[in-house]
1. Being of a type in the set (S, T, Y), farther than 26 Å from L351 by Cβ and assigned to a helix (DSSP H, G or I) is the filter here; which residues of the stretch 225-271 pass it?
2. Cβ-Cβ below 8 Å, separation at least six or inter-chain, first residue in the stretch 343-364 and free of Cβ contacts under 8 Å to residues at least 40 places away in the same chain, second within 12 Å of the ligand (Cβ to nearest atom) and open to solvent by less than 20 Å² (accessible area, probe 1.4 Å): which pairs?
3. Inside the stretch 38-65, can you point out the residues that are away from the ligand (no atom under 16 Å from the Cβ) and either without any contact (Cβ under 8 Å) to a residue 24 or more places away in the chain or aliphatic (A, V, I, L, M) (or both)?
4. Sort out which residues of the stretch 328-376 are touching a strand residue (DSSP E or B) at 6+ places or on another chain (Cβ under 7 Å), open to solvent by less than 30 Å² (accessible area, probe 1.4 Å) and assigned to a loop (DSSP other than H, G, I, E, B), and write them in order of number.
5. Report, by residue number, each residue of the stretch 272-299 that is within 12 Å of the ligand (Cβ to nearest atom), assigned to a helix (DSSP H, G or I), of a type outside the set (G, A, S) and buried (at least 16 other Cβ atoms within 10 Å of the Cβ).
6. Within the stretch 300-327, take every residue that is part of a helix (DSSP H, G or I) and among the hydrophobic types (A, V, I, L, M, F, W, C) and give me the one that is nearest to the ligand (Cβ to nearest atom).
7. Quick check on this structure: which one of G180, G189 is closer than 21 Å to M381 by Cβ, open to solvent by less than 40 Å² (accessible area, probe 1.4 Å) and either without any contact (Cβ under 8 Å) to a residue 60 or more places away in the chain or among the small types (G, A, S) (or both)?
8. Tally time: how many residues in the stretch 109-128 are more than 24 Å from the chain's Cα centre (by Cα) and free of Cβ contacts under 8 Å to residues at least 24 places away in the same chain?
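The values are calculated or read from the model by the stated rules, or taken from the named source; none is laboratory data. All of these numbers come straight from a predicted model, not from anything done at the bench. Note: ideal-geometry Cβ built from the backbone for every residue, glycine included; neighbour counts use all protein chains shown. For the accessible areas, the whole protein counts, side chains as well, though only heavy atoms, and no ligand, DNA or RNA atoms are used. Shrake-Rupley method; radii C 1.70, N 1.55, O 1.52, S 1.80 Å.
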Amino acid sequence: MSDRKQNNKKNFASLTIFDKTYNFPIYNSIEGEPVIDISKLHSEAGVFTYDPGFTSTASCESKITFIDGNRGILRYRGYDIEELAQKSDFIEVVNLLIYGDLPNKNQLKKYKRLISRHTLLHEQIINFFQGFRRDAHPMAMMVGVMGALSSFYQDSLDINDAHQRQEATRRIVAKSSTIGAMAYKYSIGQSFVSPKNDLTFSENFLHMCFSNTAEDYKVSPVLAKAMDTIFILHADHEQNASTSTVRLAGSSGANPFACIAAGVSSLWGPAHGGANQAALEMLEEIGSSKNISKYLKKAKNKKDNFKLMGFGHRVYKNYDPRAKILKNICQKVLNHVGIKNDPILKLAVNLEKIALKDKYFIEKKLYPNVDFYSGIILRAMGFPPEMFTVIFAIARTAGWTAHWTEMIEDPIQKIGRPRQLYSGNKALKYGIKRSKKNTR
Ligand code: CMC
């Protein structure tokens, strides 16, 4: 238990269940909402809490990332995302997330060297790629190859060895960009491009994606900075679905590569990381500003499954600070690559303007999230929509590995094992005819 918790152990919440009152300690967060520790609820009162989607549940204690959803604040280890996006670079942010503070010059130089030494993949992984269909989604390859790393790097699977844990985090971050680039190359039928260790992480990723055997890709500083900012903005976001998946998978003692593969799977869904691809596809489907009202009507209609992709967030009830930064970068990148008056950007800006004045979006506090503008930037840089979530995954390896490490090193960590509100059959006798209601 942290000092902070002990300092506050005099605060209690009382809960009366079937005429008996129980007291549960309240812990103040350093910032943000306090939490009620109900870990003894079942052993003392014989009941569970019911919270689908974990809308009111803190699943762990963490020192990594802070979000104030009402004020639109995001901080990694105490540093504002705006400042990091401006002054830092992705590998420094990875180091910050994993080790807890900004490294000094020498530490950073050493860490960058260590990361770049791990960008190569085992030669046999090429054979692994050959087993995928060319038209497979690159996230399918990402999930498969990330999990397969556990078969290649067996000297960093021991989760009880601190050195092996660190080695695994470096391998995961470094190799994720190589795997992502290989997935892209494979899907377009080009040969893989080897990493170059004299390039920065972001330059190297662009090089591996866009160089080919006939021509080297000249990495533009404007695009490299945009790429790096996108990686920084997606690096962590506290206990989101994929990070919670990594923690839950890791809580059983599974190896780090397998846990990160589980995170990649969770990220893929359109409600999470898959929204960047879905948002761009939605904008293309809307096509023109004259169709905005028709699509807003669909988004508001409860009988229609359509949602405004890139809008809304479980935590942000204000403008997502990451979306604000991306909106600013957008025009810069488009100008740089010579796209003038991009109709999709114009449509996105109009859609945002109209939605933010709409009663439904105002009342439900739905604002653009990180996925609303990122696709427009990535498309201008030359990436197809299928690669957007892969890029999100590469960046998020930073947060996943930081949370996985924090979870393993937390002395109160135990296997994650939620309970349920059972609503199935009572005991049945085998062979006795089931009622019509139960027949599928
Ligand atoms: N369009 C239309 N209505 C929406 C939207 C949207 N994009 N988002 C939420 N709502 C409605 C929702 O139907 C619900 O209405 P009601 O109260 O009448 O049932 C209300 O707003 C509250 O939403 P919720 O679904 O309870 O919120 P949630 O916290 O469960 O879901 C979300 C958050 C991000 C999954 C959801 O807003 C969404 O599906 N957005 C579109 C997908 C998207 O952009 N996802 C990326 C999230 S940010 C990046 C990341 O974390 O991966």
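1. To start, the set of residues in the stretch 225-271 that are of a type in the set (S, T, Y) comprises 229, 242-245, 251-252, 265-266.
Those still in the list that are farther than 26 Å from L351 by Cβ too: 242-245, 251-252, 265-266.
Matches in the stretch 225-271: S242, T243, S244, T245, S251, S265, S266.
2. E352/P368; E352/F372
3. Across the stretch 38-65, the qualifying residues are I38, S39, K40, L41, S43, E44, A45, G46, V47, T49.
4. N369
5. Residues satisfying the conditions are N276, Q277, L280, M282, Y295, L296.
6. Going through the stretch 300-327, the residues part of a helix (DSSP H, G or I) turn out to be 300, 321-327.
So of that shortlist, the ones also among the hydrophobic types (A, V, I, L, M, F, W, C) come out as 323, 325-326.
Details: A323: 9, I325: 14, L326: 12 Å.
Ranking the candidates gives A323 first.
7. On the way: G189 fails: open to solvent by less than 40 Å² (accessible area, probe 1.4 Å).
Every option except G180 fails the conditions.
8. 6
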